[in-house]
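Data first, discussion second: the structure below is written as structure tokens.
The values are calculated or read from the model by the stated rules, or taken from the named source; none is laboratory data. These figures come from a predicted structure and were not determined experimentally. Don't worry about glycine lacking a Cβ; one is built from the backbone with ideal geometry, like all the others, and counts go over all protein chains shown. With ligands, DNA and RNA removed, areas are computed over all heavy atoms of the protein, side chains included. Shrake-Rupley method; radii C 1.70, N 1.55, O 1.52, S 1.80 Å.
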Amino acid sequence: LIKGPEVLETTRRVDTIVLDKTGTVTTGRMTLLDVHTADHTDETDALRLAGALEHSSEHPIAQAVATGAAERTTAPLPTPEDFTNIPGLGVQGIVEGHAVLVGREQLLAQWEIHLPAELARRKAEAEAAGRTAITVAWDGQARAVLEVADAIKDTSAEAVAGLRALGLRPVLLTGDNRAVADAVARAVGIDEVHAEVLPEEKAHVIERLRAEGRSVAMVGDGVNDAAALATADLGLAMGTGTDAAIEASDLTLVRGDLKVAADAIRLSRRTLATIRGNLFWAFGYNVAALPLAAFGLLNPMIAGAAMAFSSVFVVTNSLRLRAFT
Ligand code: AMP
């Protein structure tokens, strides 16, 4: 959905595209990505017990673990006999007669439970890759490490390649920490990253890029992105995003898929080229035919037919846009 004709002009000029990370490049939802178990621990047991406990918590990480556990195991998750939420640390409770802890390593440490070397290594690796590592223990032993992260949308890498093919330089913008930002940027093929940017500073980043002489498009979805979208030369909002973002943008992508951003820019540029082609031929006609008519060298019948043909040409030329894929 394009707000006005000037948007078409802008799509031709932009050379940089700033992508907000959460909700644009990633799904914006925490997802269980990987499970590592200690020796002699069954992955299904770890998922069942952790999932059952987390099912009672509303924390985004807990929802990710509960949903992931339900998806990866066949039997329905058991109901905990006891459940306590420990804010900032995790959850503890009793599931199928086992005393279960799920959360940060500090939570386990409070019970003098320590991670075996293999799980500690997995946890460190996950954190280096910008993921959140959740530890699981039951009956006094650390049993598993769960990797949770805001998952990257399947189409994001392809979308970034598509934007590059249009001559745009992609830039990742996020309030998240550098490790997370770099991991996402690497996965989708972006090399310029602005991380740890406070919501009110997002617009300043756009201003700085513009001050460098770049013409900047921005894709975002959140309330936090609205000022940046309005500051950019071209603001694109994800249709799945907030009303504030959609209101502040020049162009709304009806689907929540970043590939549509590249398509929208390509279609806008093609539309502009068609408009210019139409103008050129319509003017060309008149520039050639008016002097001829003025000097009496043009039969009015032919002039009338030519005039009608010029309209047919413009419409036919424009209809070619329907073949756009
Ligand atoms: P919070 O302050 O709620 O963001 O929690 C801080 C950290 O505690 C999180 O990053 C997790 O590592 C851990 N945590 C908190 N609640 C839970 C939970 N329900 N399940 C697992 N980990 C949790």
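Name every residue in the stretch 153-175 that is of a type in the set (S, T, N, Q) and out of contact with any Ser or Thr (no Cβ under 7 Å at 6 or more places or on another chain), in order of residue number.
Thr155, Ser156
Among the residues of the stretch 8-41, write down those that are under 16 Å from Gly68 (Cβ atoms) and open to solvent by 20 Å² or more (accessible area, probe 1.4 Å).
Thr27, Arg29, Met30, Thr31, Leu33, Asp34, His36, Thr37
Here are the criteria: (1) surrounded by fewer than 17 Cβ atoms within 10 Å (Cβ to Cβ); (2) near the ligand (Cβ under 9 Å from one of its atoms); (3) within 24 Å of Ala109 (Cβ to Cβ). Tell me which single one Glu58 does not satisfy.
Failing condition for Glu58: (3).
Working only within the stretch 146-173, note down all residues that are closer than 24 Å to Arg12 by Cα, among the aliphatic types (A, V, I, L, M) and outside any helix (DSSP H, G or I).
Result: Leu166, Leu168, Val171, Leu172, Leu173.
Let's see how each residue does on (1) under 32 Å from the mean Cα position of the chain (by Cα); (2) not basic (Lys, Arg):
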| position | (1), (2) |
| --- | --- |
| Glu81 | no, yes |
| Ile86 | yes, yes |
| Leu89 | yes, yes |
| His98 | no, yes |
| Arg122 | yes, no |
| Val136 | yes, yes |
| Ala151 | yes, yes |
| Ala159 | yes, yes |
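Give the stretch 188-206 a look and list any residue that's closer than 10 Å to Ala227 by Cβ and either without any contact (Cβ under 8 Å) to a residue 60 or more places away in the chain or open to solvent by 20 Å² or more (accessible area, probe 1.4 Å) (or both), or say none.
Pro199, Glu200, Glu201, Ala203, His204, listed by residue number.
Would you call Val160 within 30 Å of Ala217 (Cα to Cα) and surrounded by 22 or more Cβ atoms within 10 Å (Cβ to Cβ)?
Spelling it out, Val160 is indeed within 30 Å of Ala217 (Cα to Cα) and surrounded by 22 or more Cβ atoms within 10 Å (Cβ to Cβ).
If you scan the stretch 291-325, which residues turn out to be open to solvent by 90 Å² or more (accessible area, probe 1.4 Å) and either under 49 Å from the mean Cα position of the chain (by Cα) or within 19 Å of Phe280 (Cα to Cα) (or both)?
Once the filter is applied, which keeps residues that are open to solvent by 90 Å² or more (accessible area, probe 1.4 Å) and either under 49 Å from the mean Cα position of the chain (by Cα) or within 19 Å of Phe280 (Cα to Cα) (or both), the stretch 291-325 yields Met307, Phe309, Leu319, Arg320, Arg322, Thr325.
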